[in-house]
Structures are given as C-alpha cells and as structure tokens.
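The values are calculated or read from the model by the stated rules, or taken from the named source; none is laboratory data. Since we're looking at a predicted model, the values are computed, not measured. Please note: Cβ atoms are built from the backbone with ideal geometry, for glycine as well, and neighbour counts cover all protein chains shown.
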Amino acid sequence: MPHIAMNRKPRLLFLTHRVPFPPNRGDRIRALHELRSLATQFDVTLATVARSRADRRAAKSLEADCEQVILVDDYHPRSWARVAARVSAGRSVTEAFFAKTEVGERALEQSRIRPFEVAFGYGASTVRQLVRIPAERHLIDLVDVDSLKWSTFAAKARGPMRWICRREARAVRSLEDYAANQCDAVIFATEPEARLSGLNPAPVRVVQNGVDVDYFAPISAPPSPASIAFTGTMSYAPNSEAVCWFAQEVWPAILRRWPRAKFCIIGRSPTWRVRNLARLPGIRVTGELSDVRPELGASQIAVAPLQTARGVQNKVLEAMAMGKAMIASRAALAGLDLKIDQEVLEANTPDEWCNHIVSLLQNAAWRRNLGENARRAAVDRYLWKDRLEDLLEVVHEPGVSYARRS
C-alpha cells in the first residue's frame, strides 16, 4: 500500500566478506554490532558469502535484522582454483580468498530495483565490489591497517614465507589506498590505527569496539584455583604466536614459583603448534566451545600476551566485562582507554609476566579489586551502544541527508 512505502527507511547495503554470525571471532563481533546499529536507521541489505553450510544456517539468524539477505555460496572445491588464479594475476590473498564477484553482481541488481542511499563495506577485500554499487555515499570499515600486520609478519618470517608476506603487505596496501581514493570515509577501530594508516584523500574516522556486558557478565561460581586463561580464534596467527611465546618463555618460570598453576587456551581451530602445547605440564587446549564463558569464568586471571596486535582486542574487553584480573601486552592494550595498574596490568618481558601472575595468585584481594575495576571500566566506557554512536555520526555527517524513496 502507498502509505507503507512512504514509511520506508533509507536503504543501506552492508557488504562483508564473512557471514557476521555467530559472534565467535573478532571480525564477526564488530560487523554484527555495526549491522544491528545501522538497521535501527536504515533498511539493510546484507550481502555476504557462505563459506560452509554452517554459514548458510547462521545467516538465517540475521534475517530479522535485515530487509534482505544476499548470500552466495563459496565452499566448493573449485573456489580454491579461483583463489589461486586471482593470486597469480597479482591480487592479494586477502582479496582473492574473500572477494566473490557474484555478491557484487547481485547487490547491483538490487540497486536497480530500489537504489541504496549508503553502500557500506566491511574489510579491505570488499572495496572493489563496494564501489561498483551506485549510492549517495560509500563508506568502508577497514578496522585496522592490515598491510602493516603483513609487514610485521614478513619481518618475523623466514625463507619463502617472508616473500609471501611482503607481497601481501604491498597488495593489501594497494587496496587500502584504493579505498581511500574511492570512498567517502574510511573507518578504523582505534586512533593509533587511524594515525598509522596515513590514508587520504577520504576522511579517516574512528569507531571503537565495545563489549556486551550483559552477555559477558561475572559468573557466580568460584573460579578454579591458580587458573590462567587465554581466549581467541587459535588459527589466527597472532593468537597462535602469543600462546606459543607464553608457553615457551613465561610458563616454565611460573611453574617453578607456583607448581599448581594451570593455563587454559580457549578457542576454536587450534593449529598443530597450539595443540602440541597440551603436552606441557599444566596446559590445556580446549578447542572449539559453543560458549567460552564457563571456561573463562572459571579462571582467576586472563592474559593477552600478544606480540602482534592490530585494532581493539575483544578478548581483553570480554575478560574485563566478566570481572577478571587482566594482564596484557602493550600491543594488546594499544587503542584502549584503560588505567594501567588499576583496571589492567601491562606486561611485556617474561619476568614482568611471571611477576604479575604470581603476585595476583598470591594476593586474592588485589586480584578481586583489579577484576572489579575492570568490570566497571567495561560498563562505563565500552558499551556497544555508546561506541556505535560514532558510527551513526559517520553515516550522518553534517550536510548529508538521505531522501526517503518509495
């Protein structure tokens, strides 16, 4: 009926390389909250790729948030041949693996039926598809400066892997520059990332991560004695690197001073190097869990010994929201507005890590106070609702007015 058409919201395309559900990894968590925030003010069309049958099932959970879901399957054997061909042609692995031309083509078809006021891309791999879609504004969330992450990997790698990482750093930087030249605004998760990007001419904006403090709430059950936890997707190289470094460089010294200590590595898809850590005394590797909260809640201390980190670390905010005493590296804390020694502890050298952990195990009152302060900081400064007001400001920058089309 005509009066229904007049009540339509402006239309927004949300283009992402991965189904943003379930929220069990960093990119999905951020994308999901962004999508739901944007859906309060736009009719959202989600365009994305299903990389498994589980992804296709998960996408059903997003239909209530969206006007429409465009889902393209990409979990067949021939997909790898396509990736190899694109890499051989000079594209980055990032774009070759994540980009799917059919997603952009179907979004383009939808734009002809009813135009989009905003086209929003999540991740550098979406940019070439994104800018093909006619819209009043094109915005992209790069989250972090991914090219610098690959440069860091290259500096640490040896042999052919060093060449591969250097090549990927150059190719991803080309995507980042292309985004800055083609989009109306480029978004990052932290101020340090925004500064490091050096991108222009598009305005660079910051939208920080938040945490669901109702979901990640303290658990009333008493924690296991002398338990230390790390959470994260364990196939992700910086997470794997972090726990392996911790197990080799820090854990033996902790056991010498606190033989009953337990280290629990919580996360899906552990690499063989991570799985092998379970052979060491006091270390347990959980593998994938449907819910990380019971394991994290059972710990006395949460750690984030990341050597390579970009953007905001969800693992830090989630543990803090659960009231855990958190120790993190300088890299893991970059971009977070936290009071060191009051809301979180910082450790970088093996001695610093060992001393902080043993001191917290010895002092229950300090451990409890640190956890309470951490929870308060998460509630006061890191609610998703508050953080995503910055996203809505970017979308509705002064001078921008989206016509309501019937």
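Table for the structure above
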| quantity | calculated |
| --- | --- |
| Single match in Trp366, Trp353 (criterion: crowded, with 21+ Cβ neighbours inside 10 Å and at pLDDT 95 or above) | Trp353 |
| Filtered residues of the range 193-217 (kept if of a type in the set (Asp, Glu) and in a loop (DSSP other than H, G, I, E, B)) | Asp212, Asp214 |
| Whichever residue in the range 186-225 is under 16 Å from Asp144 (Cα atoms) and of a type in the set (Val, Ile, Thr) and, among such residues, is surrounded by the fewest Cβ atoms within 10 Å (Cβ to Cβ) | Val206 |
| Matching residues in the range 241-272 - criterion: being in contact with a Gly (Cβ under 9 Å, 6 or more places away or on another chain) and either surrounded by fewer than 22 Cβ atoms within 10 Å (Cβ to Cβ) or of a type in the set (Gly, Ala, Ser) (or both) | Ala242, Leu255, Pro259, Arg260, Ala261, Lys262, Gly267, Arg268, Ser269 |
| When residues of the range 352-392 are limited to those that are without any contact (Cβ under 8 Å) to a residue 60 or more places away in the chain and under 22 Å from the mean Cα position of the chain (by Cα), the one nearest to Gly323 (Cα to Cα) | Ala374 |
| Members of the range 193-233 that are of a type outside the set (Gly, Ala, Ser) and over 20 Å from the mean Cα position of the chain (by Cα) | Leu199, Asn200, Pro201, Pro203, Pro218, Ile219, Pro222, Pro223, Pro225, Ile228 |
| In the range 130-189, residue nearest to the chain's Cα centre (by Cα) [restricted to those that are part of a loop (DSSP other than H, G, I, E, B) and free of Cβ contacts under 8 Å to residues at least 40 places away in the same chain] | Ala157 |
| Filter result for Arg268 (in contact with a helix residue (DSSP H, G or I) (Cβ under 6 Å, 6 or more places away or on another chain), in the same structural domain as Gly323 (by TED's automatic domain parsing) and basic (Lys, Arg)) | no |
| Residue match in the range 332-351 (condition: assigned to a helix (DSSP H, G or I) and under 17 Å from the mean Cα position of the chain (by Cα)) | yes |
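A quick yes/no check of all residues on (1) surrounded by fewer than 21 Cβ atoms within 10 Å (Cβ to Cβ); (2) farther than 20 Å from Pro203 by Cα:
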site: Arg128; (1), (2): yes, no
site: His138; (1), (2): no, no
site: Asp141; (1), (2): no, no
site: Phe153; (1), (2): yes, yes
site: Met161; (1), (2): yes, yes
site: Arg167; (1), (2): yes, yes
site: Arg170; (1), (2): yes, yes
site: Asn181; (1), (2): yes, no
site: Asp184; (1), (2): yes, no
